1. Among what's in region 102-144 and is open to solvent by 60 Å² or more (accessible area, probe 1.4 Å) and of a type in the set (A, V, I, L, M, F, W, C), pick the residue that is modelled with the highest pLDDT.
2. So, residue 63, is that one open to solvent by less than 40 Å² (accessible area, probe 1.4 Å), out of contact with any Asp or Glu (no Cβ under 9 Å at 6 or more places or on another chain) and at pLDDT 95 or above or not?
3. Going through 32, 41 one at a time, which residue ends up being assigned to a loop (DSSP other than H, G, I, E, B), of a type outside the set (Ser, Thr, Tyr) and surrounded by fewer than 14 Cβ atoms within 10 Å (Cβ to Cβ)?
4. Being under 20 Å from residue 97 (Cα atoms) and either without any contact (Cβ under 8 Å) to a residue 60 or more places away in the chain or more than 16 Å from the chain's Cα centre (by Cα) (or both) narrows it down to one residue among 12, 39, 7; which is it?
5. Scanning for something surrounded by 13 or more Cβ atoms within 10 Å (Cβ to Cβ), in a helix (DSSP H, G or I) and of a type in the set (S, T, N, Q), does region 10-21 turn up at least one residue?
6. List pairs: first in region 89-112 and of a type in the set (Asp, Glu), second surrounded by fewer than 24 Cβ atoms within 10 Å (Cβ to Cβ) and part of a helix (DSSP H, G or I), Cβ under 6 Å, 6+ apart or cross-chain?
Amino acid sequence: MASYEILNGANLAYIGDAYFELRIRKYLIDNKITKSNDLRKLSIKYVSAHAHQQIIDGIFDELTPEEKSIYNRGRNSASSSYRKNVVKSEYQTSSGFEAIIGFHYLMQNNERLEELIQMAINQVRLGEIDESKNNHLREKSSQRSNQSQKED
C-alpha cells in the first residue's frame with residue numbers, strides 16, 4: 001500500500017471518487033433499487049459535484065483537523081483543471097471530499113470511512129427532504145397566486 005504522504009490531493013481524490021461511487025451503488029442496491037435507469041439517476045444525487053458540495057456544507061464541522069487538511073489538498077489540486085459543465089467551486093469541493101474518502105480508504109480507516117459515508121448519505125437525503133419541502137411551498141405559493149388572480 002502506498003503511503004498517503006506521497007500522494008497529492010488529486011491522487012487521493014481519484015481513489016476516493018471510485019470508492020465513494022462504488023459504496024453509493026451498493027447502498028442503492030441494498031435499498032432494493034435495481035432498475036438501471038433508476039440506479040443511474042439516483043446515484044447522481046450522491047456522486048455529483050453538486051451533491052459533494054451539499055455533503056461538505058453539512059459535515060465540514062464534523063471533520064478532524066487532519067481531514068480538513070486533506071480536504072484542502074484535494075480542493076487545491078482541482079484548481080487548475082475541471083470539467084466545463086460543472087461549477088468550478090463545486091468541482092473543487094468535490095475533489096476535496098473525494099480526497100478525504102480516498103485517504104481513509106488507503107489508510108484502511110474503515111470505521112471512520114463508513115462513518116463519513118453514512119454522514120454523506122444522510123446529508124443528501126436531508127437535501128432531498130428540504131427540496132421536497134421547497135417544492136411543496138412553491139406549489140402552495142403558486143396555488144395562492146393563481147387563486148388571487150381568479151379573485152381579481
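The values are calculated or read from the model by the stated rules, or taken from the named source; none is laboratory data. On a predicted model such as this, the values are computed, not experimentally measured, just so you know. Note that we place each Cβ from the backbone using ideal geometry, even for glycine, and neighbour counts take in every protein chain shown. Areas reflect the complete protein model, heavy atoms only, side chains present, ligands, DNA and RNA absent. Shrake-Rupley method; radii C 1.70, N 1.55, O 1.52, S 1.80 Å.
1. 107
2. Here the answer is yes, as residue 63 does meet what is asked.
3. None of the others qualify; the one that does is 32.
4. Values: 12 fails: either without any contact (Cβ under 8 Å) to a residue 60 or more places away in the chain or more than 16 Å from the chain's Cα centre (by Cα) (or both); 39 fails: under 20 Å from residue 97 (Cα atoms).
Just a single option satisfies the conditions, and that option is 7.
5. Residues of region 10-21 surrounded by 13 or more Cβ atoms within 10 Å (Cβ to Cβ): 10-21.
Those left that are additionally in a helix (DSSP H, G or I): 10-21.
Still in the list and also of a type in the set (S, T, N, Q): 11.
Yes; the residues of region 10-21 include at least one that is surrounded by 13 or more Cβ atoms within 10 Å (Cβ to Cβ), in a helix (DSSP H, G or I) and of a type in the set (S, T, N, Q).
6. Pairs that qualify, where the first residue is of a type in the set (Asp, Glu) and the partner is surrounded by fewer than 24 Cβ atoms within 10 Å (Cβ to Cβ) and part of a helix (DSSP H, G or I), are 90/49; 90/50; 90/53; 98/17.
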